[in-house]
Each structure stands twice: as C-alpha cells, then as structure tokens.
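To start, the structure under review is shown below, and the notes come after it.
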Amino acid sequence: QVQLVESGGGLVQPGGSLRLSCAASGSIFNIYTMAWYRQAPGKQRDLVAIITRGGSTNYADSVKGRFTISRDNAKNTVYLQMNSLKPEDTAVYYCNILTSAGGYWGQGTQVTVSS
C-alpha cells in the first residue's frame, strides 16, 4: 500500500507564492520520477513539472521561470515552489510518482489565485 499526502495549497493573491509538498509512504522500493499535475474545472489534467531520481527536471511552458520542482529522496518527498502566481494557475494540483511497482496519485490540493 502506497500513500501520497499533499499539503500547502490555499488561496493566494496574484503575484504571490505557495509551496506544495507531497510525502510518499508505504511499500515503496524505488521511485523513478516524481511529478506535479494540475486540473482546472472543465479541463484535462496536465503535467506541470517532473523530476527524476537524479534531479533532472522538465516544466510546462506556462510555468517555466516561475515554478521550481525539487525532491528529497531520503524522505520520499517532492516539492513545488510556485512564485509569481497568476489567476490561470488556479486548479487542483496532484502529486504523482512512478515506482518499480507502478504509478500512484495523491488526492489533490486546491490552489486558488484571486484578488
């Protein structure tokens, strides 16, 4: 059994910052990639950022230069630092990990950017 617990979402004004965290626990042996996705109302779930075990990263064009993904392999935790937030960043953010046993999703955390 693998559990992903996300935290850090909330309401923030445009231009503000938030930091999301996602901690994985349970029967985890090898985590290959850790990622953040987001889904706005009425839209599909899209990749925001992804990081490999070695630290290589990739970002959606819409968040490049504003968001930073990082991970702590010892804690099986992935972070998403979000700066210069825009109203269009409003969505439910989901954590995803890919392991030797398959892929797993978190329950999602709401991020709302509004004045």
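The values are calculated or read from the model by the stated rules, or taken from the named source; none is laboratory data. None of these values were measured; they are calculated from a predicted model. Virtual Cβ from ideal backbone geometry, glycine too; neighbours counted across all protein chains shown. Quick note on the areas: whole protein, heavy atoms, side chains included, nothing else; ligands and nucleic acids left out. Shrake-Rupley method; radii C 1.70, N 1.55, O 1.52, S 1.80 Å.
So, Ala49, is that one in contact with a Ser or Thr (Cβ under 7 Å, 6 or more places away or on another chain), open to solvent by 30 Å² or more (accessible area, probe 1.4 Å), modelled with pLDDT of 95 or more and not in a loop (DSSP other than H, G, I, E, B) or not? In short, no.
Listed by first and then second residue, the pairs linking a residue in the range 6-21 that is of a type in the set (Val, Ile, Thr) to a residue that is open to solvent by less than 30 Å² (accessible area, probe 1.4 Å) and assigned to a loop (DSSP other than H, G, I, E, B), with Cβ atoms under 6 Å apart and 6 or more places separating them unless they lie on different chains, are Val12/Leu85.
Of the residues making up the range 22-37, those that are open to solvent by 40 Å² or more (accessible area, probe 1.4 Å), touching a residue at least 60 places away in the same chain (Cβ under 8 Å) and under 10 Å from the mean Cα position of the chain (by Cα) number 0.
For the range 98-114, state whether one or more residues are assigned to a loop (DSSP other than H, G, I, E, B) and in contact with a helix residue (DSSP H, G or I) (Cβ under 7 Å, 6 or more places away or on another chain). Yes, some residue in the range 98-114 is assigned to a loop (DSSP other than H, G, I, E, B) and in contact with a helix residue (DSSP H, G or I) (Cβ under 7 Å, 6 or more places away or on another chain). In the range 72-92, the residue that is surrounded by the fewest Cβ atoms within 10 Å (Cβ to Cβ) out of those that are aliphatic (A, V, I, L, M) and closer than 25 Å to Ser115 by Cβ is Val92.
Taken over the range 10-41, the residue count meeting the criterion of being under 30 Å from Ser114 (Cβ atoms) and either part of a strand (DSSP E or B) or modelled with pLDDT under 95 (or both) is 16.
Any residue that is part of a strand (DSSP E or B) and either without any contact (Cβ under 8 Å) to a residue 24 or more places away in the chain or over 16 Å from Leu4 (Cβ atoms) (or both) - is there at least one of those in the range 83-90? Checked against the condition, which is being part of a strand (DSSP E or B) and either without any contact (Cβ under 8 Å) to a residue 24 or more places away in the chain or over 16 Å from Leu4 (Cβ atoms) (or both), the range 83-90 yields no hits at all. Of all residues in the range 93-103, those that are buried (at least 18 other Cβ atoms within 10 Å of the Cβ) and modelled with pLDDT of 95 or more total 5.
Determine whether the range 60-71 contains at least one residue that is in contact with a Gly (Cβ under 8 Å, 6 or more places away or on another chain) and open to solvent by 30 Å² or more (accessible area, probe 1.4 Å). Looking through the range 60-71, at least one residue is in contact with a Gly (Cβ under 8 Å, 6 or more places away or on another chain) and open to solvent by 30 Å² or more (accessible area, probe 1.4 Å).
Across the range 56-82, which residue is nearest to Pro14 (Cα to Cα) among those that are hydroxyl-bearing (Ser, Thr, Tyr) and part of a strand (DSSP E or B)? If we take residues in the range 56-82 being hydroxyl-bearing (Ser, Thr, Tyr) and part of a strand (DSSP E or B), then Thr68 is nearest to Pro14 (Cα to Cα).
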